[in-house]
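Heads up, the thing below is written out as structure tokens.
Laboratory data are not the source of any read-out in this text; all were calculated from the coordinates shown. The shown structure was predicted, so the numbers you read here are calculated from the model rather than taken from an experiment. A quick note on method: Cβ atoms are made from the backbone with ideal geometry, for glycine too, and the neighbour counts reach across all protein chains shown.
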Amino acid sequence: MQTVPSILITGANRGIGRELALCCAKNNWSTHATFRTSPPATSSEIDYFQMDVTLENQVCDAMAALKEKMGHLDVLVHNAGVFPEPTDAPFDALKPEWWEQTYQTHVLGAFYVIKAALPLLRKSTSPRIVNLSSGASSITQRSGRRYAYGASKAALNHLTRGLAQEWEHEGICVVALSPGWVKTDMGGSKAELEPSQAASDLERTLRQLNISHSGKFLDRFGKEGVYHW
Ligand SMILES: NC(=O)c1ccc[n+]([C@@H]2O[C@H](COP(=O)([O-])OP(=O)(O)OC[C@H]3O[C@@H](n4cnc5c(N)ncnc54)[C@H](OP(=O)(O)O)[C@@H]3O)[C@@H](O)[C@H]2O)c1
């Protein structure tokens, strides 16, 4: 008998995280998701926890609640993200709070969430950690401005690679993954992809991820080489 895989998605009250949670629930994952201030109105098939990823106590409380219910976790998706700066802001117009918000959410948030989830992931037979990255993180393909957002996602990529190396012997798969340009509050209305399309491609990739992918920077189809570190 096939067991139902379990997943936890951060920042899932709207945008890509919300669509991914809906898609996972529809495809028979045991689906757990987090919100910062209030859960979406219809979420009966999704188990929601409150979690501001920048607050370590809240992250630990949510993970303790998940442990009570599940005892293990197969897939962690660190999706919570912010893009506070105007995309064309020049360096001398950058505000310190944009650096703080992006680093706190993407880097410190990843540290809190992954650290708290680790004991649950270690109980899985196929543990996978997926950090939502972006083409804007790339150093080798750098273009445009987006300094705070891009640098914070590059730092998240660095963490991803490091953890993949540290945990390879334990069989924990850790990847960076870019969802593509998606029509959300962050991506804007001119983006290429509907959130439901991005979520459906992502869900398929999450199911197929294994230790052979660890340490890679993937696109939403699980393909390497589209995005570069
Ligand atoms: N959309 C794109 O084209 C695109 C492209 C490349 C990468 N990405 C990445 O994909 C991920 C999702 O993006 P999106 O387009 O869905 O963005 P979005 O529509 O702006 O949604 C962002 C989500 O993150 C949550 N969040 C922000 N800060 C948080 C915090 N401190 N604690 C917990 N949750 C927090 C938000 O919750 P609140 O409602 O409480 O603010 C919201 O649920 C992000 O990591 C983003 O960088 C997106």
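Among the residues making up the range 24-53, those that are surrounded by fewer than 22 Cβ atoms within 10 Å (Cβ to Cβ), in contact with a Ser or Thr (Cβ under 6 Å, 6 or more places away or on another chain) and not aromatic (Phe, Trp, Tyr) are Ala25, Ser30, Ile46. From the list Gly180, Gly150, Gly162, Gly187, the one residue that fits, being within 11 Å of the ligand (Cβ to nearest atom), in a helix (DSSP H, G or I) and closer than 21 Å to Val226 by Cα, is Gly150. Of the residues making up the range 127-147, those that are assigned to a strand (DSSP E or B) and away from the ligand (no atom under 11 Å from the Cβ) are Arg128, Ile129.
Of all residues in the range 9-43, those being out of contact with any Cys (no Cβ under 8 Å at 6 or more places or on another chain), within 16 Å of Val53 (Cα to Cα) and among the β-branched types (Val, Ile, Thr) number 3.
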